[in-house]
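Structure first, commentary second.
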Amino acid sequence: MGWILIVMFNRSRSNLATWFTLSMGSILVIFAGILYWREARDRMHSFDQILYNTSRIMAAGVEDYIYEGQQHTDLENVPVLGSDTLPLSTDLFFARWYTPHKQLLQFIGAVPPQQLATPSGFQTFTVDTQLTSTPIQLRQLTLPVYQEKRLIGYLQIAASLAPVKEPLQQLRWFLVVGVPLAIGVIALTGWVLGGKAMEPIRQSYNQLQQFTADASHELRTPLAGILSHAQVGLMEPVDPQEQHTRLQIIAEVAESMSLLVSQLLFLARHQGKLSPDMLKTVDLVQLLHPLVEEHTVNATQNQQTFLNALPKEPLLVQAEPDLLRQAIVNLLSNACRYTPAGGMIELCLLPQSHWAVIQVRDNGIGISSQDLPYIFNRFYRADRVRSRQTGGFGLGLAIARQIVEAQGGELTVVSTVGKGSTFEIKLHRR
Ligand code: ADP
């Protein structure tokens, strides 16, 4: 393969790998983003819930009463803030109680401003402490507390967000390391898959190139023959007899070229499986009878014996009759060509439970085990000299196999050198 092709295949392969990595990588990144966002939201939500529950428990401990027109607030029984209470299980960073006029009444933790300035609800902020080297993030809740629909004060509590941030930080690390690693693995997989995807294309390209090279080679020899005979024929003085012979040779060579070209066209046109609407119900017994007659005459001319074994009852298959006939004719003509005078050729049709089997046997020259795996390849000839003499291009069996396989059947061969060959076409019975 030329280097331009290698570059082209490699470029297509890396394009495939790049697109694969980009698409899979984006899916992965989006997935990881959604996962992180959900995790952060859920953790924050449950943290806020705990903070709110704590504030409700604390607010329930406040005792507020009006005595001689004066409002009195007793915080002794308030968890954390009061002294008469059991400690709460949450780690509050601070807790503060403000009067309804937003004046500080009592607090635990850092010294707060005298006047409540923050609105009600949740806030997040960062504070510097001597306890830790890095500033800590706090989540604060300011809650107006009512008793019998009367505002009795404001409770403000805050707790460190570390229990939320630390697992999230770990998750972030995991994603930051894991996602690029996974993208690397995806890229590698893409490259390997790209190679696998390109392989059949590379193979069929190679085959096509080989086929074109073989076909041109096959055409070059007869063309050279035509050219040389024409050139010599054009030279003076002209002997009419010789001129006639040369023209005859030119005609013969052109005829064989036209056969080759039609076989090549046939191979190109009938690639792949036939569509079901092209197939008809065919009685093989009827299809084979004319072939038997034709080949009996031919065989007698070649001093060969032609035998047949066809059943009396119809044997139906789904096939394209003209193509199937062509495949059988190719096998029969090979059997005649590769069987010496005095030999025997036989055409049998065997009904099996699911299959109809057409056998073409001969007791001719046979095929060696080295050649056997290749005889269905295009342009393959076991004995180039002999098959050239018999007029073959090495396409007959390739065509036969292509036809049989296009109809869902199988074409196989068993052969022994010097003893003969048996070609077998198996088709599904209807
Ligand atoms: P060709 O046109 O050369 O006969 P085919 O594709 O029909 O090409 O066959 C390929 C080769 O297989 C032939 O060149 C021949 O060597 C071998 N072959 C095919 N059929 C037979 C047979 N019945 N007996 C012996 N050799 C055969």
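Brief remarks on what is shown
- One residue from Leu105, Leu138 being part of a strand (DSSP E or B), open to solvent by less than 70 Å² (accessible area, probe 1.4 Å) and either touching a residue at least 12 places away in the same chain (Cβ under 8 Å) or among the basic types (Lys, Arg) (or both): Leu138
- Of the residues making up the stretch 205-226, those that are touching a helix residue (DSSP H, G or I) at 6+ places or on another chain (Cβ under 8 Å) and open to solvent by less than 60 Å² (accessible area, probe 1.4 Å) are Ala215, Glu218, Leu219, Pro222, Gly225, Ile226.
- Residue satisfying condition, being touching a residue at least 12 places away in the same chain (Cβ under 8 Å) and out of contact with any strand residue (DSSP E or B) (no Cβ under 7 Å at 6 or more places or on another chain), within set Gln352, Gln359: Gln352
- When residues of the stretch 113-126 are limited to those that are out of contact with any strand residue (DSSP E or B) (no Cβ under 6 Å at 6 or more places or on another chain) and either open to solvent by 70 Å² or more (accessible area, probe 1.4 Å) or at pLDDT below 90 (or both), the one nearest to Lys102 (Cα to Cα): Gln115
Yes/no per residue for (1) closer than 30 Å to Lys149 by Cβ; (2) surrounded by 15 or more Cβ atoms within 10 Å (Cβ to Cβ):
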{"position": "Trp37", "(1), (2)": "no, no"}
{"position": "Arg41", "(1), (2)": "no, no"}
{"position": "Ser55", "(1), (2)": "yes, yes"}
{"position": "Gln71", "(1), (2)": "yes, no"}
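- Looking across the stretch 358-369, the residues that are within 40 Å of the chain's Cα centre (by Cα) and over 12 Å from Asp383 (Cβ atoms) come down to Ile358, Gln359, Ser369.
- Whichever residue in the stretch 227-244 is open to solvent by 60 Å² or more (accessible area, probe 1.4 Å) and in a helix (DSSP H, G or I) and, among such residues, is modelled with the highest pLDDT: Leu227
- Among the residues of the stretch 420-429, the one identified as open to solvent by 70 Å² or more (accessible area, probe 1.4 Å) and either of a type outside the set (D, E, K, R) or within 14 Å of the ligand (Cβ to nearest atom) (or both) is His428.
- Verdict on Leu265 being touching a strand residue (DSSP E or B) at 6+ places or on another chain (Cβ under 9 Å) and either more than 22 Å from Gly418 (Cα to Cα) or of a type in the set (A, V, I, L, M, F, W, C) (or both): no
- Scope the stretch 312-335; condition over 14 Å from Gln407 (Cα atoms) and not in a helix (DSSP H, G or I); matching residues: Lys312, Glu313, Pro314, Leu315
- Tabulated pairs, the stretch 307-328, first touching a residue at least 40 places away in the same chain (Cβ under 8 Å), second surrounded by 16 or more Cβ atoms within 10 Å (Cβ to Cβ) and among the polar types (S, T, N, Q), C-beta under 7 angstrom, 6+ apart or interchain: Ala319/Gln407; Glu320/Gln407; Leu324/Gln407
- Residue in the stretch 175-193 that is surrounded by 13 or more Cβ atoms within 10 Å (Cβ to Cβ) and within 30 Å of Gln140 (Cα to Cα) present: yes
The values are calculated or read from the model by the stated rules, or taken from the named source; none is laboratory data. Every value quoted in this text rests on a predicted model; they were computed, and no experiment measured them. Every residue, glycine among them, receives a Cβ derived from its backbone with ideal geometry; neighbour counts consider all protein chains shown. For the accessible areas, the whole protein counts, side chains as well, though only heavy atoms, and no ligand, DNA or RNA atoms are used. Shrake-Rupley method; radii C 1.70, N 1.55, O 1.52, S 1.80 Å.
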